[in-house]
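The values are calculated or read from the model by the stated rules, or taken from the named source; none is laboratory data. On a predicted model such as this, the values are computed, not experimentally measured, just so you know. Neighbour counts are summed over all protein chains in view; Cβ atoms, including those assigned to glycine, are modelled from backbone coordinates with ideal geometry.
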Amino acid sequence: MNAPVRHEHSFAFSGEDDGIAPGETLLDIRDVTLSFGGVRAINHISFDVLKGEIRAIIGPNGAGKTSMLNVINGFYTPQEGKIIFRGKERKSMKPHEAVGQGIARTFQNVALFKGMSTLDNIMTGRSTRMKRNLFWQALWHGPALDEEIEHRERVEEIIDFLEIAHIRHTPVGKLPYGLQKRVELGRALAMQPSLLLLDEPMAGMNLEEKEDMSRFILDVNQQLGTTIALIEHDMGVVMDLSDRVVVLDYGRKIGDGTPDVVRNNKDVIDAYLGVAH
Amino acid sequence: MFYRTAGQYKSSYKADHALFPVKQDFWLLLVILAIAWIVLPYFATEFAFNALLIPVLVYALAAIGLNILTGYAGQLSLGTGAFMGVGAYACYKLITIFPELNLVVAILLSGLFSAAVGAAFGLPSLRIKGFYLAIATLAAQFFLVWLFEKWAWLYNYSNTGAIQVPNIDMFGITVAGAQASSITRYYFVLAFVTLITAVAINITRGRIGRIWKATRDMDIAAELVGINLLKSKLLAFAVSSYIVGVSGALFVFLWRGAAEPNLFDIPLSFRVLFIAIIGGLGSIMGNYLGALLIVALPVLLNIIPEMLGVPIPSATAEHLNVMIIGALIIFFLVVEPHGLARFWQVIREKLIIWPFPH
Amino acid sequence: MDLIHSILVKPFTDMVAAPDFLLQVLWEGLVSGVLYALIALGFVLIYKSSRIFNFAQGIMVVFAALTLVGLHEKGVPAWAAVPMTLGVMFILAVAIERVVLRPLVNQPDIILFMATIGITLFLIGLGELIFGGENKVMITQELGIPTGSFAFKPGGGLLLIEQKDVTAVAGAGLLVVALLLFLNYSKMGRAIRALGDDHQAALSVGISLSAIWVLVWFIAGIIALATGIVWGARAGVSFALEVIAYKALPVLMLGGLESVSGAIIGGLMIGILEKLFEIYWGQPLFGGNTETWFAFVFALIVLLFRPQGLFGEKIIERV
């Protein structure tokens, strides 16, 4: 199969205005500690994410990367430390409040709604923006339908961008894994986030799929200005895509900087080679 | 050949959202509506109305209510019978306290009581998940039936503990009670059921339906998309119980004419659940198919052996009925968990490409 | 003021005023509790090994009892009827595994639960067809269950304990001990527990899914027969027994779906508490018959505070 023809995509809608200028700190993790019972998943970690950058979080398995994402989007509340997002210190947050804050994420094991189509899955990403109440929904024609179509137009842009128009009505349970991950990305994009958290977006993909996904991620970052924090194991992807990298191991931070700096960091190399330290 | 969809393009999202993007489906619906509103009433006998047509409609409505809660929102409910009872008793009290109240209004209002009770028993759904939630609706089921019996005010202190539907007139015609003709009652029920079905279809096709399905499929992901699970589940309980309550009022007032507390006991809950399962969880139209099957089966089991000249005692027919339903449930779950609704979808897809095999 | 008094004070003073009656109530509650626990045990066994919530456990109790009595009516002596009934339960287990469980192997839990509802219906219809719908009498004497009663006179009062109830409690106790020993110390028992923990892993060490499921359902059948005999001896054999199975649900909710000891403690708790409530609160205050719903409301309230039940494991959701 030929590689799909890439065209420069421009979105009709822009990223959210979250009051932070490009280059300034969007997310500041300060001395955060997270424990489960006796296990310290995250041990006094600090790092920041600048607006407009792509920040990779890497590290061997079990290093605490997914837990870190879960902390960022409010699923877990750290026992110690501070999280400063968009300039404000964040107290503990309930999971469904993350979207309102401007944070969206994808999951390691694709967390799509298996009983719904691609279109419907991505439309759920617009849930916080759709307001028409029960009465109008019961009537359907009129304000409810208008709202539905208005948001459908947005979602179709995303579908177009991700090149999944041909499967928009397919139940996602029937899609191959790579396409499911793309749909999940689409759902996250539909939330128009300031900060997009991607948990191993390339996992289980072949080379061609990875290239597609990389280009999507870059486009989202460059065209919409969306800040992205992603967990990834593929070093090639990490080096190519990310502006800066933070390296975790056993719940601690062992490296922080541009890809080149991190690549040459002895601690990082040791961690990956499994050298005891 | 019948179902050629070629050439039917949709050139706007609005068209894509239409209920019947394919013209043939629209015609099919018109045919069905014509049969229901015109053909059947013309030909049906008294027996057919009372044993088939009216109960199918009432059960289908109850199943639509249950389906919204269990099929769309994923919250298992074993209390449907009791919630039907709430609707029925509420209607009875309204009619006896305000005899001038229009029956339509009374029925619409009684749904609200059911909705409130349903939402109350749905509150635990935030803490309790999955099977464990069945305990909440079971508690509702057993407690409410006990209440129907013990709280004599509900049945106006009658000695028998039963409620009797008085003759109720609307615009000069007796619509309910012993003197109401079956054809009047049929149209009354048909009007209610058609209207509520339309509303149910509308609600489930838009953002609320999506929110429910997300809650059902993966509630953690639903939260992270910004869905408030408590509101979503409570709304499902409320809407579902409203519809179930209305069906309960119709059940007593427009079909049976009288009721005792044990009418609303757990076998009723299961009967509606079977209709919802066999019809297809997560579908609205499927409930009609399920209701048709569940209501018609015992009737057929009595009639067919007679017609074939091999009459079987009605007790045996009843046992066979129960066995067949049990077997059907298993059959559907193995072969087509999405019920008769999906069967129809499959047939329809085959019709679209007929005479080609694929 | 009166109402508060009758809710908060009078029941307890009544209890103290007639301690022999209290003991009687507690004993009755204990016996019911034992029977609930037995049914719950059947559920737990099947759930532990296959994650299926076997709604049909209740009807299996009835079916087993009916088969036993039915065989006896046809002239089969008790000592032969029991193993024959066990044989029937075995065939039932095999049939269920082949026709229902195997085709539904990877379906979500709710589908399997509904399938067991289907099985229940089917067995109700079949049972009524074969055995007729009238109430029957359990063949207590033929089985050797003593039918007298013991009378105690604690502190001048009267406490009547039926011997068949004592047999029930003792028998149930033996059954539970046997079951626990089997699960924990035998090869097959280990296999059952392995299957409960992780299907895939169990398969990969060569445990045969089908064989284990047949075994488990058969054991559940044995438990069902024991329950049916005991309960039938108390209350007669009829399809009303099936309703008892509903009570097992709150027991399971309390005890946790996977815990054998939880099922037992939960069963005893529910049995005793519902009897106490009915006698000291239900009848005086509400006109009685609260046993239809007390167990459920009680379990519901407990679950609100501890969603995993009293003994269940805390559910941690991982994303």
*Among the helices (runs of 4 or more DSSP H) contained in segment A:32-132, which hold 1 or more residues that are closer than 27 Å to A:Asp260 by Cα and away from chain B (no Cβ under 14 Å)?*
A:65-72
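Could you say which residue among A:Ala188, A:Ala144 is out of contact with any Phe, Trp or Tyr (no Cβ under 7 Å at 6 or more places or on another chain) and not hydroxyl-bearing (Ser, Thr, Tyr)?
Working: A:Ala144 fails: out of contact with any Phe, Trp or Tyr (no Cβ under 7 Å at 6 or more places or on another chain).
Result of the check over A:Ala188, A:Ala144: A:Ala188.
Within segment A:242-271, how many residues turn out to be hydrophobic (A, V, I, L, M, F, W, C), in a helix (DSSP H, G or I) and out of contact with any Pro (no Cβ under 9 Å at 6 or more places or on another chain)? Walk me through it before giving the result.
Just the residues of segment A:242-271 that are hydrophobic (A, V, I, L, M, F, W, C), to begin with: A:245-248, A:254, A:261-262, A:268-269, A:271.
Adding the requirement that they be in a helix (DSSP H, G or I) leaves A:261-262, A:268-269, A:271.
Subsequent filtering for residues that are out of contact with any Pro (no Cβ under 9 Å at 6 or more places or on another chain) retains A:261-262, A:268-269.
Total satisfying the criteria: 4.
For C:Glu274, are the conditions met, namely being in a helix (DSSP H, G or I), among the charged types (D, E, K, R) and crowded, with 22+ Cβ neighbours inside 10 Å? Show your work before the answer.
Numbers: in a helix (DSSP H, G or I): yes; among the charged types (D, E, K, R): yes; crowded, with 22+ Cβ neighbours inside 10 Å: yes.
Criteria met by C:Glu274.
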*In segment B:250-358, which helices (runs of 4 or more DSSP H) lie fully inside it and hold 2 or more residues that are buried (at least 21 other Cβ atoms within 10 Å of the Cβ) and not aliphatic (A, V, I, L, M)?*
B:266-279, B:286-307, B:314-335
*asked:* Restricting to segment C:260-278, name every residue that is within 14 Å of chain B (Cβ to nearest Cβ) and under 20 Å from C:Leu174 (Cα atoms).
replied: C:Gly262, C:Gly266
*If you check C:Gly309, C:Gly288, which single one turns out to be without any contact (Cβ under 8 Å) to a residue 60 or more places away in the chain, within 14 Å of chain B (Cβ to nearest Cβ) and in contact with a Ser or Thr (Cβ under 9 Å, 6 or more places away or on another chain)?*
C:Gly309
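Right, B:Ile183: more than 14 Å from chain C (Cβ to nearest Cβ) and either buried (at least 20 other Cβ atoms within 10 Å of the Cβ) or in contact with a helix residue (DSSP H, G or I) (Cβ under 9 Å, 6 or more places away or on another chain) (or both) or not?
Numbers: more than 14 Å from chain C (Cβ to nearest Cβ): yes; either buried (at least 20 other Cβ atoms within 10 Å of the Cβ) or in contact with a helix residue (DSSP H, G or I) (Cβ under 9 Å, 6 or more places away or on another chain) (or both): yes.
Spelling it out, B:Ile183 is indeed more than 14 Å from chain C (Cβ to nearest Cβ) and either buried (at least 20 other Cβ atoms within 10 Å of the Cβ) or in contact with a helix residue (DSSP H, G or I) (Cβ under 9 Å, 6 or more places away or on another chain) (or both).
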*Members of segment C:277-290 that are at pLDDT 90 or above and surrounded by fewer than 19 Cβ atoms within 10 Å (Cβ to Cβ)*: none
_Being modelled with pLDDT of 90 or more, away from chain B (no Cβ under 14 Å) and under 18 Å from the mean Cα position of the chain (by Cα) narrows it down to one residue among A:Met213, A:Met191; which is it?_
A:Met213
*How many residues does segment A:135-178 contain that are in contact (Cβ under 8 Å) with a residue 40 or more places away in the chain, at positive phi and either within 11 Å of another protein chain (Cβ to nearest Cβ) or of a type in the set (Gly, Ala, Ser) (or both)?*
0
*asked:* Checking C:Met253 against (1) more than 8 Å from every other protein chain (Cβ to nearest Cβ); (2) at pLDDT below 90; (3) surrounded by 22 or more Cβ atoms within 10 Å (Cβ to Cβ), only one condition comes out false. Which one?
replied: (1)
*asked:* Between B:Leu224, B:Leu250, B:Leu230, B:Leu289, which is within 14 Å of chain A (Cβ to nearest Cβ) and touching a residue at least 24 places away in the same chain (Cβ under 8 Å)?
replied: B:Leu230
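Hey, among C:Leu68, C:Leu86, which residue is closer than 13 Å to C:Gly221 by Cα, more than 13 Å from chain B (Cβ to nearest Cβ), in contact with a Ser or Thr (Cβ under 9 Å, 6 or more places away or on another chain) and surrounded by 15 or more Cβ atoms within 10 Å (Cβ to Cβ)?
Details: C:Leu86 fails: in contact with a Ser or Thr (Cβ under 9 Å, 6 or more places away or on another chain).
Exactly one of C:Leu68, C:Leu86 is closer than 13 Å to C:Gly221 by Cα, more than 13 Å from chain B (Cβ to nearest Cβ), in contact with a Ser or Thr (Cβ under 9 Å, 6 or more places away or on another chain) and surrounded by 15 or more Cβ atoms within 10 Å (Cβ to Cβ), namely C:Leu68.
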*When the residues of segment B:129-168 are filtered to those that are facing chain C (nearest Cβ under 8 Å) and in a loop (DSSP other than H, G, I, E, B), which remaining residue is modelled with the highest pLDDT?*
B:Lys129
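When segment B:267-318 is examined, which residues are found to be of a type in the set (D, E, K, R) and under 30 Å from B:Ser77 (Cβ atoms)?
Filtering segment B:267-318 down to residues of a type in the set (D, E, K, R) leaves B:271, B:306, B:318.
Of everything in segment B:267-318, those that are of a type in the set (D, E, K, R) and under 30 Å from B:Ser77 (Cβ atoms) turn out to be B:Arg271, B:Glu318.
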*asked:* Condition check: crowded, with 24+ Cβ neighbours inside 10 Å and at the interface with another protein chain (Cβ under 10 Å from one of its Cβ atoms). Does B:Val239 satisfy that?
replied: yes
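State which residue is surrounded by the most Cβ atoms within 10 Å (Cβ to Cβ) when the search covers only segment B:98-128 and only residues that are aliphatic (A, V, I, L, M) and part of a loop (DSSP other than H, G, I, E, B). Steps first, answer last, please.
Looking only at segment B:98-128, we keep the residues that are aliphatic (A, V, I, L, M), and these are B:101, B:103-109, B:112, B:115-117, B:119-120, B:123, B:126, B:128.
Cutting the leftovers down to part of a loop (DSSP other than H, G, I, E, B) gives us B:101, B:128.
On the way: B:Leu101: 15, B:Ile128: 19.
Ranking the qualifying residues of segment B:98-128, first place goes to B:Ile128.
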*Tabulated pairs, segment C:95-124, first within 7 Å of another protein chain (Cβ to nearest Cβ) and farther than 23 Å from B:Gly130 by Cα, second outside any helix (DSSP H, G or I) and aromatic (Phe, Trp, Tyr), C-beta under 9 angstrom, 6+ apart or interchain*: C:Ile124/C:Phe239
